[in-house]
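Undergrad: First the structure, then my questions, so here it is.
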Amino acid sequence: MERWSLHSVISFILHQPVVLEELMASIISSLYIIQRTIYGTAKSNMTNWERGFCIGGGCIRTFYRSKAHVISGNILAKEIKREVQRDVESWLSLGNKRPHLSVILVGDNPASHTYVKNKIKAATTVGISSEIILKPSNVSQEELLQVISKLSGDSNVSGLLVQLPLPEHVNERDICNAIAPEKDVDGFHIVNIGRLCLDQSSIIPATAAAVWEIIKRTGIKTFGKNVVVVGRSKNVGMPISMLLHTDGRHERPGGDATVTITHRYTPKDLLKIHTQIADIIIVAAGIPNLITEDMVKEGAAVIDVGINHIEDQVTGKTILVGDVDFEKVKEKAGYITPVPGGVGPMTVAMLLKNTLMAAKKRIY
């Protein structure tokens, strides 16, 4: 039997494109199996690998490159809701009162009504009772404050939120601060925001908590990483930034990342410089397709918080899109969240978690 040297075997493989291709496929498949064994199927999928071809040296060579792992907020939200449901059942089995969520809805904004409907439906599925207090768009601020005061003092109410935005004649900050901090499941009260900024335990705004939970459950590393948060709103951009940059050893652990906050007055060319070196990009600007493929570093994690209703150029129908050019960016990013189906369902899930936390008086 003829014996082949290692050099001969390598030479033979390199001159056989079909053999080389199958060898690469075998290696990639093996790596997938190892990753799946270590991290679980939720973090790895062979569909994340794309086969490509290049011509050189007189033959066709095959290569593989990783496509973005599309993070399903729907799947993660279902996991959290199952956890909340189990905790609610355990809480009730000990003889405690069922958690109750009260939602004040002002006006007839279709989007607000949809959001509230989704929150109430989700609360029901996990065993949290709920109610909607409807008020007309011309309701006075004084009347709203009276309703909030009554609900804040009601021992049957575990969590209370006022759906934003509010009519222009109502001061949102006054309304948010009127809710008792221990029942503020939106996390917008000045006490909760202050505790968040001081790395103390607090009720964290649901959207910021959703982004943080996505990062943790997906296994995206933050320690020492560069993060760009696009958008500086007090309800989303600011609390997300606080969670990601603060010390992981404090009472309320943070991400220990280096965080850059950009906003509407950041020039587009400067924004691009920041995002191109970012390991994680979190976008909450409300501008469709603001983040494009050329602005993203290979393998970066991109979390899209944007909610934009635009007209589909083909069908003429109104569609929901985020702040990221999803189809093109997913070819370059390592992780990406879709819109819809990303941060949105996770926000509702974290609201339920906040409501249970308030019922258990975990913080106050």
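Undergrad: To the nearest 10 square angstrom, how much accessible area does Ile287 have with a 1.4 angstrom probe?
TA: About 80 Å², ignoring ligands and nucleic acids.
Undergrad: Count charges around Lys183 for me, please; just the other residues with Cβ under 11 Å from its Cβ, Lys/Arg as +1, Asp/Glu as -1.
TA: Details: positive: Lys361; negative: Asp154, Glu182, Asp184, Asp186.
Summing Lys and Arg as +1 and Asp and Glu as -1 gives -3.
Undergrad: Rolling a 1.4 angstrom probe over the protein chains, ignoring ligands and nucleic acids, what is the accessible area of Met357 in square angstrom, nearest 10?
TA: Met357 has an accessible surface of roughly 50 Å² with all protein chains in place.
Undergrad: Among Leu320, Leu196, Leu134, what's the order by accessible area (1.4 angstrom probe), most exposed first?
TA: So, going from the largest accessible area down, we get Leu134, Leu320, Leu196.
Undergrad: Can you tell me the convex hull volume per residue for region 103-232, based on C-alpha atoms, in Å³ to the nearest whole number? Mind showing how you got there, number by number?
TA: Working: hull volume 18.1 nm³, N = 130.
Spelled out: Cα convex hull of region 103-232, divided by residues, is 139 Å³.
Undergrad: Right, next: Set the bar at 24 Å for Cα to Cα. Now go through Lys78/Lys117; Lys121/Lys221; Lys78/Lys121 and name every pair that lies beyond it.
TA: On the way: Lys78/Lys117 17 Å; Lys121/Lys221 33 Å; Lys78/Lys121 13 Å.
Long pairs (Cα-Cα over 24 Å): Lys121/Lys221.
Undergrad: Residue-wise, which Karplus ³J(HN,Hα) couplings in Hz belong to region 170-178, taking 6.51 cos²θ - 1.76 cosθ + 1.60, θ = phi - 60°, and x for glycine or proline?
TA: After applying 6.51 cos²θ - 1.76 cosθ + 1.60, I find 10, 7, 4, 5, 4, 5, 4, 6, 7 Hz.
Undergrad: Rg to Rh for region 107-177: what is it, with Cα atoms only and Rh by Kirkwood?
TA: Working: Rg = 12.7 Å, Rh = 13.2 Å.
Here Rg/Rh amounts to 0.96.
Undergrad: If you don't mind, there's one more thing I want to ask. What is the set of long-range amide H partners of Thr260 at a cut-off below 5 Å, with H atoms built 1.01 Å from backbone N?
TA: Counting only residues 5 or more places away or on other chains, the set is Val227, Val228, Val229.
Undergrad: Of Val321, Ala359, Ile240, which is farthest on the positive side of the dipole of region 230-364, counting Cα position, with +1 on Lys and Arg Cβ, -1 on Asp and Glu Cβ, and the Cα centre as origin?
TA: Looking along the dipole axis, the top candidate is Ala359.
Undergrad: May I have the pair-distance distribution P(r) for region 273-357, computed from all Cα-Cα distances with 5 Å bins from 0 and rounded to whole percent?
TA: 3, 15, 22, 21, 15, 12, 7, 3, 1, 0
Undergrad: Between region 171-220 and region 222-241, how many Å separate their Cα centres?
TA: The two parts, judged by their Cα centres, are 14 Å apart.
Undergrad: How large is Rg over Rh for region 150-305, taking Rg from the Cα atoms and Rh as the Kirkwood inverse mean of 1/r across Cα pairs?
TA: Details: Rg = 16.8 Å, Rh = 16.6 Å.
Using only Cα positions, Rg/Rh for region 150-305 is 1.01.
The values are calculated or read from the model by the stated rules, or taken from the named source; none is laboratory data. No experiment lies behind these values; they were computed from the predicted model shown. Heads up, the Cβs are rebuilt from the backbone with ideal geometry, glycines too, and the neighbour counts pull from every protein chain shown. What goes into the accessible areas is simple: the full protein's heavy atoms, side chains included, and nothing from ligands, DNA or RNA. Shrake-Rupley method; radii C 1.70, N 1.55, O 1.52, S 1.80 Å.
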